[in-house]
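As structure tokens, the structure follows; a few thoughts come after it.
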Amino acid sequence: MVFFGTFMNSIELIAPDDWHIHLRDDAALRVTVPHAARQFARAIVMPNLKPPVTTAAQARAYAERILAHVPAGVDFQPLMTLYLTDKTSAQDIQDAVNDGWVKAVKLYPAGATTNSDAGVTDLARCAVALEKMQDLGLPLLVHGEVTDAQIDIFDREAVFIERVLKPLRAQYPRLKIVMEHITTAQAAEYVAQADAYTAATITAHHLLYNRNAMLVGGVRPHYYCLPILKRESHRQALLKAAISDSGKFFLGTDSAPHAQDTKETACGCAGCYTASHALELYATAFASVNALDKLEAFASINGAKFYGLSVNTHTVRLNASPQTLPSAFDYLDGAQLVPLNAGETLAWTFQEALDR
Ligand code: DOR
Ligand code: ZN
């Protein structure tokens, strides 16, 4: 990592990867893929399409649709995931590993979030798949929230750790598990003390905002995501984890596009769109605790190591120069896509990749 200028007016880092992103499909890819490919060399692509990506053949076809939207001259690699269901077989897992495109399997508890209806109803039904993943070293990516209607939405992640994650870990001691988009001190603590088979991704929005951003002075739907923003003490715990030297925490934007009319409505969808300015948001978060020197490990090294992949060989630069974000991007059928921080001025600006 290189810092330029007495007042640190620029930083250069190994090209980062996004270990958790939603690109959607078809026409949406025209917008989402160029945004992701501009900042990230690789991205773990979530499989919660309609219908979900449940086989290696579907994952490969989806990867090809994504690659068709990568701008000319840009080298961007989608790393595909399978959507775990009660019916995923050991053969499905073997096929995924043989195929080479699939790098992980995603667990959505049924009903937990967007397009999770086909998710897992009972992890006991997934035993053969999980055993095969453990044997083959294929990571399980976990949406860590219980769906029990009795549990308060702000407690769902902490309860998941006790009810689901700890028993899962006890049953599969060598299964690689990534707790995705962690939002609580309990999750940060659990992952920090866990062994080397456990890691976590953290979004930029959970590092920058607490639930006040969503609720004070009016309901702000573009800050609504799942797991939901928590109170300030949790944000502080996430920041501490992100800048720690443990190597277990890495970048995953959870950038999740929804058309404007489906966010700004009486029952709005969950998801923050950050792919267009993700690195600037992470830089803002790390700079807020004087830890820009920790950004490269978090964004460009820890994730690759956990997945057993090499780190990228080119670099990117962020300049400490302000930029004002657009109020929206053209999205689907005339609908608009409103990014998080729409119309706001950020302190950092991403410079195109240097030596791709
Ligand atoms: O906020 C979210 N949006 N959380 C998720 O888990 C899913 C995502 C989506 O796909 O929109
Ligand atoms: Zn997600």
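What follows draws every value from the coordinates through simple rules; no lab data is involved. Just so it is clear, the model here is predicted, and its values are computed rather than measured. Cβ sites come from the backbone with ideal geometry, for glycine too, and all protein chains shown count toward neighbours.
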ask   = If you take the alpha carbon radius of gyration of the range 52-121 and divide it by 2.2 N^0.38 Å, what ratio comes out, to two decimals?
value = 1.20
request  = Relative to the compact-globule scaling 2.2 N^0.38 Å, provide the ratio for the alpha-carbon radius of gyration of the range 129-279.
outcome  = 1.07
ask   = Which of the peptides 319-327, 47-55, 235-243 is most tightly packed, and how do the rest follow, going by the mean number of other Cβ atoms within 10 Å of each residue?
value = 235-243, 47-55, 319-327
message = Above 13 Å lies some portion of the pair distances; for the range 253-298, what is it as a whole percent of all C-alpha pairs?
response = 62 percent
message = Can you tell me the orientation of helix 127-136 relative to the chain, as the angle in degrees between its alpha-carbon axis and the longest Cα principal axis, to the nearest 10?
response = 60 degrees
query = Going 7 Å from the Cα of Leu67 toward and past its Cβ, which residues in the range 307-332 have a backbone nitrogen under 16 Å from where you end up?
reply = none
key: Surface/4 of the Cα convex hull for the range 16-314, nm²   = 14.5 nm²
ask   = Which of the lysines could be linked to Lys248 by a straight reach, that is with a Cα gap under 23 Å, when you skip same-chain ones fewer than 8 residues away?
value = Lys103, Lys106, Lys166, Lys176, Lys230, Lys240, Lys294, Lys305
remark   = Dividing the alpha-carbon radius of gyration of the range 237-347 by 2.2 N^0.38 Å, where N counts its residues, gives 1.22
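For His206, His69, what's the fewest-to-most ordering of other Cβ within 10 Å of each Cβ?
Least to most surrounded, the residues fall as His69, His206.
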ask   = Helix-derived [θ] at 222 nm for the chain: sum -39500 (n - 2.57) over DSSP H runs of at least 4, divide by residue count, nearest 500?
value = -8000 deg cm²/dmol
query = In which sequence would Asp155, Asp293 go, from the one with the fewest C-beta neighbours within 10 Å to the one with the most?
reply = Asp293, Asp155
note = Note on the chain, DSSP bridge orientation, antiparallel percent to nearest 5 equals 40 percent
request  = Give the order of Met1, Met46, Met8 when sorted by the count of other beta carbons within 10 angstrom, beginning with the fewest.
outcome  = Met8, Met1, Met46
note = If one compares the long axis through the Cα atoms of helix 90-99 with the longest principal axis of the Cα atoms of the chain, the angle in degrees, nearest 10, works out at 40 degrees
note = So the angle from the long Cα axis of helix 56-67 to the longest Cα principal axis of the chain, reported in degrees to the nearest 10, equals 10 degrees
